[in-house]
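These notes are about the structure you will find just below.
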Amino acid sequence: MQIYPTSCRNTGVGFSYFFGRIGSIVAPVMITALLENHRQKEAVLLMDLLLFLAGLACTLFPHETKGREIH
């Protein structure tokens, strides 16, 4: 059994690319707005929260398939 079947791999890559593009547009605007309003602490906390959530999302795929036979 495959954890991430080939048939849906391109869809996953497409979604990943889509959210990356949205994040690359939204993040600088949000951080700049927070810094211009003298809210440096909130800007740092927001970025820390987003990095933590990204790391948490990576733990949702704990299985390693390298070197295993895929059926």
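The values are calculated or read from the model by the stated rules, or taken from the named source; none is laboratory data. Just so we're clear, the structure is a prediction, and the values are computed from it rather than from any experiment. Note: ideal-geometry Cβ built from the backbone for every residue, glycine included; neighbour counts use all protein chains shown.
Within region 21-56, the set of residues being loosely packed, with under 10 Cβ neighbours inside 10 Å and not aliphatic (A, V, I, L, M) comprises S24, E36, H38, K41, G55.
Beta carbons closer than 6 Å, at least 6 apart along the sequence or on distinct chains, pair a first residue in region 43-71 that is closer than 30 Å to A33 by Cβ with a second that is surrounded by 10 or more Cβ atoms within 10 Å (Cβ to Cβ) and at pLDDT below 85 for A43/I31; A43/L34; A43/L35.
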